[in-house]
Structures are given as structure tokens and as C-alpha cells.
1. For the stretch 12-43, give me each residue that is part of a loop (DSSP other than H, G, I, E, B) and under 23 Å from residue 119 (Cβ atoms).
2. Pairs please, first residue from the stretch 286-309 and outside the structural domain of residue 30 (by TED's automatic domain parsing) and on the phi < 0 side of the Ramachandran plot, second anywhere and more than 16 Å from ligand 1 (Cβ to nearest atom) and modelled with pLDDT of 95 or more, Cβ atoms under 6 Å, 6+ apart in sequence or on different chains.
3. One residue is enough: does the stretch 143-158 have a residue meeting the conditions touching a helix residue (DSSP H, G or I) at 6+ places or on another chain (Cβ under 7 Å) and within 16 Å of ligand 1 (Cβ to nearest atom)?
4. Could you tell me whether the stretch 76-89 includes any residue that is in a helix (DSSP H, G or I) and buried (at least 21 other Cβ atoms within 10 Å of the Cβ)?
5. Looking only at residues that are surrounded by 21 or more Cβ atoms within 10 Å (Cβ to Cβ) and in contact (Cβ under 8 Å) with a residue 60 or more places away in the chain in the stretch 182-191, which one is farthest from ligand 1 (Cβ to nearest atom)?
6. Does the stretch 106-119 contain at least one residue that is farther than 21 Å from residue 336 by Cα and either touching a residue at least 24 places away in the same chain (Cβ under 8 Å) or crowded, with 22+ Cβ neighbours inside 10 Å (or both)?
7. Among the numbered conditions (1) within 15 Å of ligand 2 (Cβ to nearest atom); (2) modelled with pLDDT under 90, tell me where residue 16 comes up short.
8. Among the residues of the stretch 64-76, is any within 15 Å of ligand 1 (Cβ to nearest atom), more than 29 Å from residue 146 (Cβ to Cβ) and at pLDDT 95 or above?
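The values are calculated or read from the model by the stated rules, or taken from the named source; none is laboratory data. These numbers were taken from a predicted model, which means no experiment stands behind them. Using ideal geometry, Cβ is built from the backbone for each residue, glycine included, and neighbour counts are taken over all protein chains shown.
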Ligand code: KG4
Ligand code: ZN
């Protein structure tokens, strides 16, 4: 079964074709980062307009890439939330149009579930139960998954998402937008022990908090400058990254041990971070957990992860009504489809 996957929840227009939930036939991404850069963040109206301009050409290009006709699509999966309402609506409208024109099944997918399924594209179906750490530009959460598509929230951020904090600190030290990848690169030349930033919310169970750490970075730079010292950006980057990642790894390992699972799964754009990947791999190995991490290019937003999640839900006989709208604040636990009575 060839599923068309469409993702427009934020600032990437993404279209993919995935066969049987795993085989990527096409996975195209049109990034709008250059349009948002001068504003230092994603501007919703700019995002919606750019999606509108890109979506149809991208679908056509995906067909060329996959070597097929639109008529060869067997089902359509689309992100229905969470995300920017206007941005989501563009993808949803395009997906409905294709599904109606071809009379093929249609399924709405939660963007966060998509991030989990980036692992399925790489490694095949994941054996439950597992603990998943989801970390992106909009979310930081620890989730227990006892059975397929059942999500129990263990903890989440009380303020900024990790990606958001990476982007803000990156901007503060003069890197572009989105700053996460640039900060990661710069940190590789810095000393993670140079500055001892606070390990935020280490004692707050499975919840996270990053606003204090962000403030600590700003205060450190101001104090240094007050003493006519210019702090090295690479040391700030490496020390900040270390403070974020150390807490994330500690909490994820603790949650997995607590829930008695064997497997830890990572998902979301921040999982592209090299230090998070290596520290989590080390911790999981020491504690005897199996660790699943998508390759960096499948960690950030893409259509293939949506097509994969869609395939597995469709296989269970699930469908989404064609009158579904965008759900900007959609929780991971909320249903996006129902069993087809037919
Ligand atoms: O999942 P994603 O592509 O979009 C959302 O659903 O939010 O995540 C994007 C976020 C951005 O904040 C970006 O800066 C961050 O992921 N990111 C990284 C890295 N690559 C992407 N953060 C730290 N290190 C990276 N290598
Ligand atoms: Zn995402």
C-alpha cells in the first residue's frame, strides 16, 4: 500500500510517499526557514502563504521522485495537529482533495505520533511497551507507550520546549534561525565544562523547565561583559547544550527504569542533536536499554513519518472523517481517527 503523507504543521512543507509503512519512495521537504529568519522566529501568516505556494508543486515532484502517477496512491495521511492552524489547514485541504479525487482512504495523524514513527521507517515496528522522549521546537515530553497508539504522558515542559530554548540561546549568541543545528555545530568546538549552568528542574519528577537556564545564559554573558571579558560563544554553546541534554538523558533513563520497559525511543527535531544522541546512547548502553533513534534527517519534520503512522492506523481499519479540521493544541493522547464500521 502506497500512502501519500502530507505535513504542514509549522515551517516545512513536506510531502512523501511510503510503501507499506517503511519503504520511502519519495520524501520532499520545502523549508521556509529563509522566509522567517529575518523575524527570528516562525511568522504564522508567512508560513500559511508559503505552504499554499509549495504544496501542489511538491505533490507533483513527489510523484516524479516516486516514479508513479497520483492515481497510484492507495491512501492519504495528513498532520491534523498540533501546530499552526493556518499552516495545518493548507495540508489538510490538499490531502482531502487528493483523497476525494481518488476515492481512497483518508487518515488524520498527530504530528507527535509521526515523530515516533520516524523510528519505524528505520527499524520496522517497535515492540511495546516502551518509553518515548519527544523533543522538538514545540514540545518536550516523556511518554509511556504500553500498547500501539496508546500514550500515557509522564511529564512535559513547564515552560519552553527544548528546541525553542536552543533557538533562543542560539539567537542570543549571534547564530541564525533556526539556531539549534548551528548551536550543535558550534558546541563541538567548545568546552562543555567551561561554565556550570544549572541543571534545570532536575528534582521536578518527569517535568522539564528551561526558562531559568535561558536566563542564566543571558546573566552570565552580561556579568562577563560587565567585567570587560568577552565570553567564548563556543563554550557557552557547549555548556548550555550539556546542561539541557544531561537533564533530558537522566530523566529519560529514570522513566524507562520506573516503567520497567526494555526500550527507549526518541523522536522530534532536537533528536538530531549530536550530544543528545551520544549521551543517550552511552546511558542506554550502561543501563541495558535498547535505544531507537531515527537518522538526523528523519528527526526533523517530514512527510514520511506521517505516511508511516498513517499506514499502521489504516491497517487497523481506522479512518478519519473528511470534515476533520485543524487542531492547533491536539494532545498526543487524543483520537484523530476511528475504526471504519464498513
Ligand atoms: O520537530 P521539528 O522539526 O519541528 C517541530 O515539530 O517543532 O523540530 C525543530 C526544532 C527546532 O527548534 C530546531 O532548532 C531543533 O529542532 N533542532 C535542533 C537540532 N536540529 C534541529 N536542536 C538542537 N540540535 C540540533 N542538531
Ligand atoms: Zn516536529
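1. Residues satisfying the conditions are 20, 21, 22.
2. Every condition considered, the pairs that remain are 287/253; 289/256; 289/264; 290/262; 290/263; 291/264; 291/284.
3. no
4. So far as the stretch 76-89 goes, yes, one or more of its residues are in a helix (DSSP H, G or I) and buried (at least 21 other Cβ atoms within 10 Å of the Cβ).
5. 187
6. No.
7. The one condition residue 16 does not meet is (2).
8. No, because not a single residue in the stretch 64-76 is within 15 Å of ligand 1 (Cβ to nearest atom), more than 29 Å from residue 146 (Cβ to Cβ) and at pLDDT 95 or above.
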